[in-house]
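**Q** Sharing a structure with you now.
The values are calculated or read from the model by the stated rules, or taken from the named source; none is laboratory data. Quick caveat: nothing in here was measured; it's all calculated off a predicted structure. Please note that ligands, DNA and RNA were not included when accessible areas were found on the heavy atoms of the full protein model with its side chains. Shrake-Rupley method; radii C 1.70, N 1.55, O 1.52, S 1.80 Å.
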Amino acid sequence: MLNGLAAVAVEVGALERAATLLGAAAAMVEGQGNDWPPDEAPHFQRSHAAAAHALGPDRFQEAWSAGRHLAPDQAVSFALAALPVEAGVAS
């Protein structure tokens with residue numbers, strides 16, 4: 001679900017949020033000792049590339065790292081929080 005919400009965040013221009021969600025999702029997948037499911041991997045890669053390109057390496061890495069350090073329950077709370085107004089997007 002975090003991967004899907006990251007894709008939505010990319011589409012609406014909430015790129016730091018997307019990078020944070022992607023970092024959290026990656027940490028969860030790795031923490032379970034899994035690889036991305038074949039149907040999810042392309043979405044993850046597309047969102048990752050879009051957010052990284054738009055944010056630049058430093059901003060992307062900062063948000064990605066923040067997501068990777070969230071506990072699973074924190075990541076879910078972050079994902080479910082209202083989308084902040086950024087890039088002209090209403091919550």
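**Q** Mean shadow of the stretch 1-47, computed from the convex hull of its alpha carbons, in nm²?
**A** 2.8
**Q** Please give the per residue volume of the convex hull enclosing the alpha carbon atoms of the chain, rounded to a whole number of Å³.
**A** Looking at the chain, the number lands at 82 Å³ per residue.
**Q** Separate question: How much accessible area per residue does the chain have, counting only protein heavy atoms and a probe of 1.4 Å, in square angstrom? Display every interim value, and only then the final one.
**A** Values: 5350 Å² over 91 residues.
In whole numbers, the chain has 59 Å² accessible per residue.
**Q** To test your reading of the geometry: what angle, between 0 and 90 degrees and rounded to tens, separates the Cα axis of helix 41-55 from the longest principal axis of the chain?
**A** For 41-55 against the chain, the angle is about 40 degrees.
**Q** Considering only protein heavy atoms and a probe of 1.4 Å, how much of the accessible area of the stretch 6-91 is carbon and sulfur, as a whole percent?
**A** Working: 2830 of 5020 Å².
Reported share for carbon and sulfur atoms: 56 percent.
**Q** How much accessible area does L83 have with a 1.4 Å probe, in Å² rounded to the nearest 10?
**A** Number for this one is 40 Å².
**Q** Mind telling me which of P57, P38, P72 comes out most flexible in a GNM of the chain, alpha-carbon contacts under 10 Å?
**A** Most flexible of the set in this elastic network: P38.
**Q** Helix 15-31 sits at what angle to the longest principal axis of the chain, using alpha carbons and giving 0 to 90 degrees rounded to 10?
**A** Value to nearest ten degrees: 10.
**Q** Multiply the residue separation of H43 and L80 by 0.36 nm, subtract the distance between their alpha-carbon atoms, and state the gained length in nm to one decimal. Display every interim value, and only then the final one.
**A** On the way: separation 37, 0.36 × 37 = 13.32 nm, distance 1.95 nm.
Answer, rounded to one decimal: 11.4 nm.
**Q** So what's the back-of-envelope 222 nm ellipticity for the chain, counting only DSSP H runs of four-plus at -39500 (n - 2.57) apiece and dividing by all residues, rounded to 500?
**A** It lands at -22000 deg cm²/dmol.
**Q** For the chain, what does the relative contact order come out to in percent, with C-alpha contacts under 8 Å and a separation of six or more?
**A** 40
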